[in-house]
Number of protein chains: 4
Amino acid sequence: MDTDYDSHRENVAGRANVETTPELRAYYEELAGAEAGALWTVANKIEPWEPVSASVPVLWRYEALRDKVLKSLDLVTPEQAGRRVIYLSNPGRRDVVAAVGWLYSGLQVMRAGERASAHIHTASALRFIIEGEGAYTVVDGHKMTLGPNDFVLTPNGTWHEHAVAEEGTDCIWQDGLDIPLTNAMEANSYAVHEDLAQAVTYPVDDSSGVWAAPGLVPSGHTWNKGYSPLLKYEWEATYEALQRHAKVSDGSEFDGIMMTFVNPATGGHVMQTIGASMQMLRPGERTRAHRHTGSFLYHCAKGSGHSIINGKRFDWKEHDIFCVPSWAWHEHANASDTEDACLFCFNDLPVMEKLGYWREEAFGDNGGRQPVLG
Amino acid sequence: MDTDYDSHRENVAGRANVETTPELRAYYEELAGAEAGALWTVANKIEPWEPVSASVPVLWRYEALRDKVLKSLDLVTPEQAGRRVIYLSNPGRRDVVAAVGWLYSGLQVMRAGERASAHIHTASALRFIIEGEGAYTVVDGHKMTLGPNDFVLTPNGTWHEHAVAEEGTDCIWQDGLDIPLTNAMEANSYAVHEDLAQAVTYPVDDSSGVWAAPGLVPSGHTWNKGYSPLLKYEWEATYEALQRHAKVSDGSEFDGIMMTFVNPATGGHVMQTIGASMQMLRPGERTRAHRHTGSFLYHCAKGSGHSIINGKRFDWKEHDIFCVPSWAWHEHANASDTEDACLFCFNDLPVMEKLGYWREEAFGDNGGRQPVLG
Amino acid sequence: MDTDYDSHRENVAGRANVETTPELRAYYEELAGAEAGALWTVANKIEPWEPVSASVPVLWRYEALRDKVLKSLDLVTPEQAGRRVIYLSNPGRRDVVAAVGWLYSGLQVMRAGERASAHIHTASALRFIIEGEGAYTVVDGHKMTLGPNDFVLTPNGTWHEHAVAEEGTDCIWQDGLDIPLTNAMEANSYAVHEDLAQAVTYPVDDSSGVWAAPGLVPSGHTWNKGYSPLLKYEWEATYEALQRHAKVSDGSEFDGIMMTFVNPATGGHVMQTIGASMQMLRPGERTRAHRHTGSFLYHCAKGSGHSIINGKRFDWKEHDIFCVPSWAWHEHANASDTEDACLFCFNDLPVMEKLGYWREEAFGDNGGRQPVLG
Amino acid sequence: MDTDYDSHRENVAGRANVETTPELRAYYEELAGAEAGALWTVANKIEPWEPVSASVPVLWRYEALRDKVLKSLDLVTPEQAGRRVIYLSNPGRRDVVAAVGWLYSGLQVMRAGERASAHIHTASALRFIIEGEGAYTVVDGHKMTLGPNDFVLTPNGTWHEHAVAEEGTDCIWQDGLDIPLTNAMEANSYAVHEDLAQAVTYPVDDSSGVWAAPGLVPSGHTWNKGYSPLLKYEWEATYEALQRHAKVSDGSEFDGIMMTFVNPATGGHVMQTIGASMQMLRPGERTRAHRHTGSFLYHCAKGSGHSIINGKRFDWKEHDIFCVPSWAWHEHANASDTEDACLFCFNDLPVMEKLGYWREEAFGDNGGRQPVLG
Ligand SMILES: [Fe+2]
Ligand SMILES: [Fe+2]
Ligand SMILES: [Fe+2]
Ligand SMILES: [Fe+2]
Ligand SMILES: [Fe+2]
Ligand SMILES: [Fe+2]
Ligand SMILES: [Fe+2]
Ligand SMILES: [Fe+2]
């Protein structure tokens, strides 16, 4: 509890600017004893002029993390650890185990033939495959096979489990969840499947067979859950979509060619709390800077480049992960003049939009490019 | 005006059953003079026990119509005729120029190098290509190139025009519109473009490039019009989607493998008044009968088979068109044991659904198959 | 079927203008034999420049109709007639028994102690009380007591019945339904309750007790049907709302102080196909003319005045009914400089809005007032 | 940062249970140096079996707070303090200045003739009047006059200011905001009006005049903002609605007669992040216990009673405030056998619902009543 009552004073009309006198200090202490306080001692802090993020921009290099992730194969078993995951820890969010904002992320590794226990939770999750063969996920009886750069949903309220086929290889993937948000909202819950595994009750990859069609949905469907019935989004079709998009559109000056993954039954975000997108920076492309609310975790799916975040440059290449905190200025550049570069991203856009918190601003000076400070 | 006041009497509790006396007849005539009438003389007629359709089932054979359509090439110019179209006339709907219910349809032919005048109307339209090369449509500055079995939207309130490229061939397609509905709802309007043609202001086929992706939409899009921004639905991707669907699902007992064309921004119907679907009957497949509200116009896109509609058998093959009126029992069968058969369909399902008029019933007897009467 | 193939020709670029030659006439006859026709012979008719209505403006004077309605008390019993109703017959819509557009209306009379048989249908209905005491309606077990100028819903798919209490008096009310629309959409159905009456299973007027509150709904409600759970809208609260509205707003230049009856669970129209409103013309008020799509049936609930519809003046007083067809110019005037005048209206606005058919235009000339022709 | 890596171990299949060895400790430290961590050291903490709330149940007695609030009149001026507010500080949420969960609340006092500076912020707010005459609020040019137990909205993105008329008295009210949530979501922003005051551009209380009608909205309105255009909810109409509700319904076994304040244009919550309700416990009523997600702050608007929250009894009377944290068992009882008792409540239900976090459970044992522990 803050007892330096003067620390947030501002000498601006309409803002709190009360000098602490001995009489006031006594009053403040009396209030504290009654589970109360004087608003003017904290008003300027809790009503900032602009969005303030607790997160800092971070880049996690895959080549640095990969060895550490693989090392866990020998250090712990899935039975002991539940899951062998190295989580990404934002220095500003260690208390809530978040990579950025209220989003959790980690790198998980699983050997061929391993299968994690089936469970269910209120948190929503996705899994973006980095390397290895034979990975698959089961969600409410639907089994999805997964290859590099595919991503799969394990939404709020579904029974799910991850595994690698016997004939597969060691697999590494990135997990993305809203665990910190679900905990912050005091709504998380967890259960382990009574059999530790669930039956596969549909043909393998049936969700793609039924729902992954352009402008088509199964007739007479009655899908009305809060998440996409598609469940799996494949890299090949996604990359092809970006290519076709780039042929007919200049895209966004802030993001290049960018597409959002959606629930085909609604056109909305893939889950109730997490959005996801894939964007392509064309050869030589460098975007202009903007800032907006929401927390974003990027994963380089292809190529290399750099992003400038609040004036600091972060160079990235394949499978590097970096975050853009809320209201941070950011712009992206492809390092190559001949190859495109692709960034997968997951974020809390559904939350920003539904709660009325979305706000966006272009960087007006300097032709839309930030001066690089570090 | 009906003056046989006894013709709708029913001897059922709760229904009108008034015998016309001389006194009543005088009363009825007095009412007629005051722009009024006695409900009980018409109540049983206007409150039927079950939905009644004015349309009759009809099959239009393409081989019979094709010559007639081509003949129009020599009989009229596009300048004189506006469009060279032979419309389908349901014997029960000649007064409103409908093929079934409140849906209009016709076969249009255009020579290479011809271009119809650009115009706009309240009616919503689609165009399903039958044969020829080089057909294209322009909608609000978007040019869509079209091949056989592709279909394209020209929605309510858009400037549009059809044409065939100079280097193309004679093209025939099926038009589908809600003109009768728009007129019945007393809402139609029409205007010709002041230049008789509009500029193409986007890259060719840009709507497919941007919107025809599985589970992906352009980030930050603000599409909120009443129709699909995809505009063109290509046969190749549609047929492939049906194939994939069939691998993982048994489909519907009434319709086989069936998918609805949707607006990718919402997951809803392609236009505000017209829905469309493509269904596949697998080799040897024969569906069960059901009936429901709504008017449906089918076009055989591939293969051959038959449908039994209200007990009458209609055999169809490629490019034959047939209708299923509201509340008619219907079931479909593929004629081949080795090839699949595909039916394109457009209908007024959006209207039935939005107005609360959708109702469906399975044919319970005889294992779900109708006795064939004719 | 039209055989004067030249009757719709227009000499305008982009419109059909084909002169019938003997060769063409032969062609047209050949087409007719194949259940087909040449679009250019009807195109200009079915694609009008502006909305065309089949209805004509009509005013039905209550003093003229009342005697006729009362006379039916002696002519038929409810058991014979089902309901003792004199329907309003628009000269342009006699074939579909409509008062305007696709809306049916009639005046019904019931003696104290009479109770009509309970039934259900796809058509949606409302009942606006004109005179008498003791009228009530039962909808799915909810009993609503009704006084003059109250109106009550009996929506699509509900069991319902009208009655007058033993201790009441002869009651007259106006019925309003979408029967013509439901029939036109080929979706109507009807059933009589097996007991000819249903049980009242809720406290009397419970829907008002629970739902008729300003800005309040029952917590945790799960209402998601296509119609308003309020069911009854009382005159007293409605008139009071208009008074309060008028104190703080100038209202609409076309309609004065006008409020739409809504489903409190959604803020939308009271039923899926029928909207309703009450408007007040302040002392001396005269509105400006506009026209729009949709069919409107007005009932003078209070006061007197006149409306000018397509240049013709219609003077109305309490309980007179008049219609405004689609796309007809119309403006309203209060006859009194000291009293307000109120118009109840029901219409097909939900249909116009959902199908994308709404269109509106102000009368620009002459200060917004039509020249009066008749 | 947690360095007792063993503190969250659970010996349950499917949960993390890794004993820290020296080798693992070294590994954990290496990970920490790379902004990473081992999930299994925190997994059981961040994936709890059931929702965990940081808030504790608290009751703030008005008689204890009132003097402290009034004392601020002499201690600070509005100019210095911005607003003279004593905020409610939940012992579990002091770090975020919340009364419960992510909801802020405080008691504000203003002298007759005082007017706070006009401002705008991303946080959403409401104001529930406790005592005094002449209070009013201005929102985007709409002035709302306020009496005891009225509440008014000052939503996200509106210019607003509170004041007391010259001819009024000292006024005390409760403020309720989502400031902690807006800050947590890193989306807050703030601006002071350049003139420190805004013009009143509509008739006083026009929002009530136009929108506070049962089942009626202004015709042709185009309201589509994220909050209710009604803005003010008056006690008199609310209490009357509860009375009428109680006459026809038994209400909820958990909440008695309870109604939710809604946006009349949509039937949804009054603001995007905050819901509000008023409930009445009838004479002698005692509800059954349940628990659910979401944070709730209650204000006794009338009468007296007690609530049992997680087994602890809290007795309340008029203007006492108490909170129910997420997932806490709670039940309510009226202290009187002759008078009803009313509880105003505001909460984060819109957030729980939109994000898929709502979950509810009845207390099954002991006839639905908790054993009282403290
Ligand atoms: Fe999980
Ligand atoms: Fe961005
Ligand atoms: Fe057209
Ligand atoms: Fe069917
Ligand atoms: Fe009826
Ligand atoms: Fe009008
Ligand atoms: Fe404020
Ligand atoms: Fe509760």
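Listing for the model above:
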read-out	value
Search result, residues across region C:269-304 that are of a type outside the set (A, V, I, L, M), over 20 Å from C:Glu50 (Cβ atoms) and surrounded by 21 or more Cβ atoms within 10 Å (Cβ to Cβ)	C:His269, C:Gln272, C:Thr273, C:Gly275, C:Ser277, C:Gln279, C:Thr287, C:Tyr298, C:His299, C:Cys300
First in region B:343-368 and within 8 Å of another protein chain (Cβ to nearest Cβ) and under 18 Å from B:Met271 (Cα atoms), second anywhere and assigned to a loop (DSSP other than H, G, I, E, B) and open to solvent by 60 Å² or more (accessible area, probe 1.4 Å), Cβ under 7 Å, 6 or more apart	B:Met352/B:Trp358
Any hit, region C:21-30, residues being open to solvent by 10 Å² or more (accessible area, probe 1.4 Å), in a loop (DSSP other than H, G, I, E, B) and farther than 19 Å from B:Arg93 by Cβ	yes
Subset of region B:164-193 [in a loop (DSSP other than H, G, I, E, B) and over 21 Å from the mean Cα position of the chain (by Cα)]	B:Ala165, B:Glu166, B:Glu167, B:Gly168, B:Thr169, B:Asp170, B:His193
Within region A:276-326, considering residues that are farther than 21 Å from A:Arg61 by Cβ and polar (S, T, N, Q), the one nearest to ligand 6 (Cβ to nearest atom)	A:Thr293
Of residues in region A:102-161 being under 18 Å from A:Tyr233 (Cα atoms) and among the charged types (D, E, K, R), the one farthest from the other protein chains (Cβ to nearest Cβ)	A:Glu133
Test: C:His221 is more than 16 Å from ligand 4 (Cβ to nearest atom), part of a loop (DSSP other than H, G, I, E, B) and either open to solvent by 30 Å² or more (accessible area, probe 1.4 Å) or not basic (Lys, Arg) (or both)	yes
Total residues in region D:224-252, condition surrounded by fewer than 22 Cβ atoms within 10 Å (Cβ to Cβ), within 7 Å of another protein chain (Cβ to nearest Cβ) and of a type in the set (Ser, Thr, Tyr)	2
Test result for A:Asp205, touching a His at 6+ places or on another chain (Cβ under 9 Å) and closer than 24 Å to B:Met258 by Cβ	yes
Residue in region C:194-211 that is assigned to a loop (DSSP other than H, G, I, E, B), crowded, with 24+ Cβ neighbours inside 10 Å, within 14 Å of chain D (Cβ to nearest Cβ) and of a type outside the set (Lys, Arg) present	no
Unmet requirement for A:Ser7, which otherwise passes all of (1) polar (S, T, N, Q); (2) in contact with a helix residue (DSSP H, G or I) (Cβ under 9 Å, 6 or more places away or on another chain); (3) assigned to a loop (DSSP other than H, G, I, E, B); (4) facing chain D (nearest Cβ under 9 Å)	(4)
Matching residues in region C:157-206 - criterion: being under 30 Å from B:Ala328 (Cα atoms) and hydroxyl-bearing (Ser, Thr, Tyr)	C:Thr158, C:Thr182, C:Ser189, C:Tyr190
Long-range neighbours under 8 Å by Cβ, at least six apart or interchain, first residue more than 7 Å from chain A (Cβ to nearest Cβ) within region D:86-99, second basic (Lys, Arg)	D:Ala99/D:Arg93
Enumeration of residues in region B:291-314 that are over 30 Å from B:Lys354 (Cβ atoms) and without any contact (Cβ under 8 Å) to a residue 40 or more places away in the chain	B:Gly303, B:Ser304, B:Gly305, B:His306
Hits in region C:356-368 (condition: part of a loop (DSSP other than H, G, I, E, B), at pLDDT below 95 and either open to solvent by less than 80 Å² (accessible area, probe 1.4 Å) or of a type in the set (S, T, N, Q) (or both))	C:Gly364
Inter-residue pairs, beta-carbon under 8 Å, first away from ligand 7 (no atom under 16 Å from the Cβ) and in region B:231-257, second among the basic types (Lys, Arg), 6+ apart	B:Tyr239/B:Lys302; B:Ala246/B:Arg282; B:Glu253/B:Arg288; B:Phe254/B:Arg288; B:Gly256/B:Arg282; B:Ile257/B:Arg282
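Yes/no per residue for (1) among the small types (Gly, Ala, Ser); (2) within 16 Å of ligand 5 (Cβ to nearest atom); (3) at negative phi; (4) touching an Asp or Glu at 6+ places or on another chain (Cβ under 6 Å):
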residue	(1), (2), (3), (4)
B:Met258	no, no, yes, no
B:Gly267	yes, no, no, no
B:Asn310	no, no, no, no
B:His332	no, no, yes, no
B:Cys342	no, no, yes, no
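The values are calculated or read from the model by the stated rules, or taken from the named source; none is laboratory data. Because the structure is a prediction, the values reported are computed rather than measured. With ideal geometry, Cβ positions are generated from the backbone for all residues, glycine too; neighbour counts draw on all protein chains shown. Just so you know, the surface numbers come from the protein's heavy atoms only, side chains and all, with ligands and any DNA or RNA stripped out. Shrake-Rupley method; radii C 1.70, N 1.55, O 1.52, S 1.80 Å.
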